[in-house]
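Since the structure comes first, as structure tokens, the remarks are kept for the end.
Readers should treat all values here as calculations from the given coordinates under stated rules, not as data from a laboratory. Predicted model, so just to flag it, every value in this text is computed and none were measured. Note that we place each Cβ from the backbone using ideal geometry, even for glycine, and neighbour counts take in every protein chain shown.
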Amino acid sequence: MSTNAAIDLALDRVDWRDLAAQTEEQPRVYTPGEVLMPEAGFMRGHGTFVEDENIKSSVAGVIQKVNKLISVRPLKSRYVGEIGDVVVARVSEVQQKRWRVDTNSRLDSILLLSSVNLPGGELRRRSAEDEQMMRRYLDEGDLISAEVQNIFEEGSLSLYTRSLKYGKLSQGILVKVFPALVKRRKMHFHNLPCGASVILGNNGYIWISPTKGQEEEGGEGGFAQNLNEHVPRGEREVIARLRNSILALAKCKLMIYDTSIQYAYEESLRYEAHELLQQNAIYDIGQQTQARLRDADE
């Protein structure tokens, strides 16, 4: 019995001269218990503690300085929300006048009945009848896009979907990455030239779906969901390729935003969609995308 095996050496994949030239630009990663600096004249922030008159790191991460405040941003962590963040979330429980939502944070988030648009976008006070129909609006397991409206004292998030661009998500693929890899930008809704739309949630959940026409958007106040609609094979292949391209960026620890996704998609066209699951293709796409992003910055 004989099998074909593909062997790709790291020596052939990495430009060591280019890597050596960038050593000074790479941020220093501190390990737990490592001394950051003397305590005198500085204040300790998140991810630090004081011992023997020194500020030490309590997590593995990169140091951040804001005036006299010293903190360490962990390399891997749960999502820590900020007001105005765009998130993709999954409804986990229907409660009285509210939905409990999983946003990849330490605590479940809350979406109040008063914080959603009613079907058709009508504006009125929520009644007892609306409360009885909550499962018809959003049920357990539904995926939604929303925005962080407020942060409670214990750290949980309050969401709202009062804009027609937010609401229930229909057909597509959910991709999960580390929240730190999603770049914070003004726009997190993108219609890519390849023919698909992405929602880059700040919480590390990314939604990929076929691009909708303007007449299809927001027709039911954010609750429209047609699961019987046929998605052509070509669009499904584009979505699958985008999904694998985003996972390749995450595997190579590259920041994920509209430009990097488009570059990675273009580099992936040299492979079949299923070949993007192989390690050599993943690192090749990551390296080529990083080179294009560096050239664009220069």
Estimated FRET transfer efficiency (K68, E275; beta-carbon r; R0 35 Å; 0.05): 0.10
Virtual spin-label span in nm between E93 and R28, 7 Å along Cα→Cβ: 4.5 nm
Would you mind counting up the charge near L269? Only other residues with Cβ under 13 Å from its Cβ, with Lys and Arg at +1 and Asp and Glu at -1. -4
What does the highest-first list of 41-47, 287-293, 155-161 look like by mean Cβ count within 10 Å? 155-161, 287-293, 41-47
Note the full-extension length gain between L107 and V35 as 0.36 nm times their separation in residues minus their Cα-Cα distance, in nm to one decimal. 22.8 nm
Contour minus Cα-Cα span, N54 to L164, at 0.36 nm per residue, comes to 34.5 nm
Please give the length that would be gained between A128 and M255 if that part of the chain were fully extended, namely 0.36 nm times their separation in residues minus their C-alpha to C-alpha distance (nm, one decimal). 41.2 nm
Report the net charge of residues surrounding N244, where surrounding means a beta-carbon distance below 12 angstrom and charges are Lys +1, Arg +1, Asp -1, Glu -1. -1
